[in-house]
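Before any comments, here is the structure.
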Amino acid sequence: MKTEPCRLTLLSVPWWMFALTCTGLTLGAPACFEVATTHENLPLVAPEWLRDHLSGKSLVVVDTRSEADYSKGHISGSVWMDAAVLSATTSDEGLRLLKEDLAVKFAPLGIKGDEIVVFYEDGIGVRAPRALWYYTYAGYRTGKVLAGGFQTWQASHFPVCQERSLRTSRPLVVKVNPRVIATTNFVARRLNDPGVVLLDVRSYEEYIGKEINSQATRSGHIPGARWLEWGRLLEGNLRYLPKNDLEKRLAQVGVTPDREVIVYCQRGNRASNTFLALQLLGFPKVRNYVGSWQEWSSYSDLPLSTGEPTSGK
């Protein structure tokens, strides 16, 4: 990989080439999900937009890959963040500790509150959406994810360097957005609510109870939860499916905009990717049950189900 000093040398790519490739597509492939060309739009920004705004003082670019990958080469000016350590439980005490933890974990980014924050990883996996979700939960609406991630950025020959970038550390002011989170109690009270749909985005084996994660106490799924593995909303890990395909796949399992959607997985990480997809589609009520199956399974008095996924509406 060719690297260069951290200077903001902006390379140009013909607009027609970007329109054809979007976030990695080639001629003849279906159109990818539309990405934002201005930061006021969707929480998924195009590499071209980021390239053209790298020198902006109100922009913070965050690399959520491993520290080793960051050291090998990263987007010029980007700050490394250990997104893998972000986790939470949803008891009252757990949420109190989460508020304190987020203030510390986001401190290296030096965020004052008026910045546009773009998170990225290799493609669109679970680290960047996870960091975005926690940033959103902390009360900020200016977070974004880079479409195509570092793979697309590097393939486009946009500015890459190895020099570590640092910002003046400051604790993040956490204001908490309760509308994007579901607690265990919140989920338990809505198991039979027809206006709410639970969406399990783990693997099929995890859902039916055939496979148990080492961090789970019991196997199975939350009663009534629909199943759609998170990766089925993506083409590879670089881009989401086209809008119509996303809506169709979600509707097939009863996930529609007229219902409140609660997404969960094992620890809320894979769910954060699906949470972002639902945001892109404009679903008005979406929550991440961030404690997810790890937390639910730890309560022996809470019900569980095993067996095949529920189909239909």
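The values are calculated or read from the model by the stated rules, or taken from the named source; none is laboratory data. Note that the structure is predicted; figures quoted are calculated from it, not measured. Glycine gets a Cβ as well: all are built from the backbone with ideal geometry, and neighbour counts include every protein chain shown. Keep in mind that these areas ignore ligands, DNA and RNA; they rest on the heavy atoms of the full protein, side chains included. Shrake-Rupley method; radii C 1.70, N 1.55, O 1.52, S 1.80 Å.
One table, with the values for the structure above:
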item: Choice from Ser219, Ser169, Ser87 with maximal GNM fluctuation in the chain (Cα, 10 Å cutoff); result: Ser169
item: Option label - semi-axes √(5λ) of the Cα gyration tensor in Å computed here, alternatives [x] 26, 22, 19; [y] 33, 23, 16; [z] 110, 61, 14; result: [y]
item: GNM flexibility winner over the chain from Pro223, Pro178, Pro194 (Cα, springs under 10 Å); result: Pro194
item: Whole-Å distance, taken between Cα centres, linking the range 173-226 and the range 55-74; result: 32
item: Heavy atoms of Glu121: accessible area, 1.4 Å probe, square angstrom to 10; result: 20
item: Alpha-carbon centroid distance for the pair the range 282-303 / the range 85-114, whole angstrom; result: 19
item: Shape call, the range 118-262: gyration tensor on alpha carbons, a/c limit 1.5; result: prolate
item: Shape of the range 55-173, Cα gyration tensor, a/c cut at 1.5; result: prolate
item: Residue-level accessible surface for Thr256, protein heavy atoms, 1.4 Å, Å²; result: 40
item: Portion, in percent, of the accessible area of the range 137-253 that falls on carbon or sulfur, probe 1.4 Å; result: 47
item: Rounded accessible area of Val62 (nearest 10 Å², 1.4 Å probe); result: 0
item: Length-normalised contact order for the chain - Cα pairs under 8 Å, 6+ apart - percent; result: 21
item: Filtered trypsin sites (Lys or Arg not before Pro), the range 42-97: DSSP coil and at most 13 other beta carbons within 10 Å; result: Lys57
item: Percentage relative contact order, the range 226-313, counting C-alpha pairs under 8 Å, at least six apart; result: 33
item: Mean ellipticity per residue at 222 nm, deg cm²/dmol - from DSSP H runs of n ≥ 4 across the chain, formula -39500 (n - 2.57); result: -7500 deg cm²/dmol
item: DSSP-assigned coil residues among trypsin sites (Lys or Arg not before Pro) in the range 133-177, each with at most 10 further Cβ atoms within 10 Å; result: Arg141
item: Prolate/oblate/rounded call for the range 141-193, Cα gyration tensor, a/c under 1.5 rounded; result: oblate
